[in-house]
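Asker: Got a structure for you, written out below as structure tokens; questions coming shortly.
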Amino acid sequence: MTDANPIYSPFFGVMGAASAIIFSALGAAYGTAKSGTVMAGIIAIYGLVIAVLIAGAVDEPSKYPLYKGFIHLGAGLAVGFSGLAAGFAIGIVGDAGVRGTAQQPRLFVGMILILIFAEVLGLYGLIVAIYLYTK
Amino acid sequence: MGKKSLNKPTSSQRTTAKKDYNSFKVVLFYCLLIIILPVITFFTVKNAICDSLLNMNPISSNISSAMCAVIALHVALGIYIYRAYFAAEDSADDQADVDKKQD
């Protein structure tokens, strides 16, 4: 065990993978429960993609430096918390939008636009996470 | 006699049930498409294109297949929203026709 490859370096990578899927699933669950739109489920898939990528890269400590662990933790937190925020936004907007669309069908386009703007926040997190992962 | 006529669905009930079934089929299809398509795209692109055809290293093959999966997901979502928007418009027109006929 060297300073660069301590026994606990995979801990950070595993925590990154776990936080990627946990927080994005939390956001997606809130969004789906509140609004019932399919857009909220997409957020969980972003988290799933990053969690699968990180889980594939985690290795035993001798082949997995602490640096990589930090990078993977950062990637997981980036997609996780952006997914949580996007899921909350989709939940609140979708709840109001679905009620509004029932009264006035012309609101559908506006609702979809705002849902896409909320969704893009999660996509930004995914982009940053992929960029970090390739470091 | 009375019971028999109660149990028989009227023609309007039957058309509503048929409409519900059709819209349920469309929604189910697109939901399954949105769930399954990215997973299939990820593993197909990774195994069939990046690893065997282009011989990329693991990191770049993972990245490119993840991007393809996300793009496929958004294409499916776009088709679903397009379909939902235009189907809703069509059914609203149908409803307007029905209302006119009733007047």
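Asker: Size of segment A:42-135 along its principal axes in angstrom, Cα-based, largest extent first?
Answerer: 61, 17, 15
Asker: Per residue of B:54-64, what is the mean number of Cβ atoms on other protein chains within 10 angstrom of that residue's Cβ?
Answerer: The per-residue average across the peptide is 2.
Asker: OK, next. The protein assembly as shown: Rg/Rh from Cα coordinates, Kirkwood Rh?
Answerer: When Rh is taken as the Kirkwood radius, the ratio is 1.14.
Asker: Could you look at the protein assembly as shown and say what percent of its accessible area is carbon and sulfur, using a 1.4 Å probe and all protein chains?
Answerer: Working: 9910 of 14160 Å².
Ligands and nucleic acids excluded, carbon and sulfur reach 70 percent.
Asker: Can you give the FRET efficiency to the nearest 0.05 for A:Y124 and B:Y21, using r as the Cβ-Cβ distance and R₀ = 30 Å?
Answerer: 0.15
Asker: I would also like to ask the following. For segment B:25-69, compute Rg over Rh where Rg is the Cα radius of gyration and Rh is the Kirkwood radius from the inverse mean 1/r over Cα pairs.
Answerer: Numbers: Rg = 12.7 Å, Rh = 11.0 Å.
Value, to two decimals: 1.15.
Asker: Among A:V98, A:V109, A:V120, which one moves the most in a GNM of chain A with springs linking Cα atoms closer than 10 Å?
Answerer: Among A:V98, A:V109, A:V120, the largest mean-square fluctuation in the Gaussian network model of chain A belongs to A:V109.
Asker: Tell me, what is the FRET efficiency for A:F11 and B:N57 to the nearest 0.05, using R0 = 35 angstrom and their Cβ-Cβ distance as r?
Answerer: On the way: r = 26 Å, r/R0 = 0.73.
Computed FRET efficiency for A:F11 and B:N57 comes out at 0.85.
Asker: Moving to a separate point now. May I ask you to give the solvent-accessible area per residue for chain A, in square angstrom, as obtained with a 1.4 angstrom probe?
Answerer: Solvent-accessible surface per residue comes out at 48 Å².
Asker: Another question, then. For an R0 of 30 angstrom, estimate the FRET efficiency from the Cβ-Cβ distance between B:S11 and A:V109 and round to the nearest 0.05.
Answerer: With a Förster radius of 30 Å, E is 0.30.
The values are calculated or read from the model by the stated rules, or taken from the named source; none is laboratory data. Quick caveat: nothing in here was measured; it's all calculated off a predicted structure. As a convention, Cβ positions derive from the backbone with ideal geometry for all residues, glycine included, and neighbour counts pool all protein chains shown. These accessible areas exclude ligands, DNA and RNA; they are computed on the full protein's heavy atoms, side chains included. Shrake-Rupley method; radii C 1.70, N 1.55, O 1.52, S 1.80 Å.
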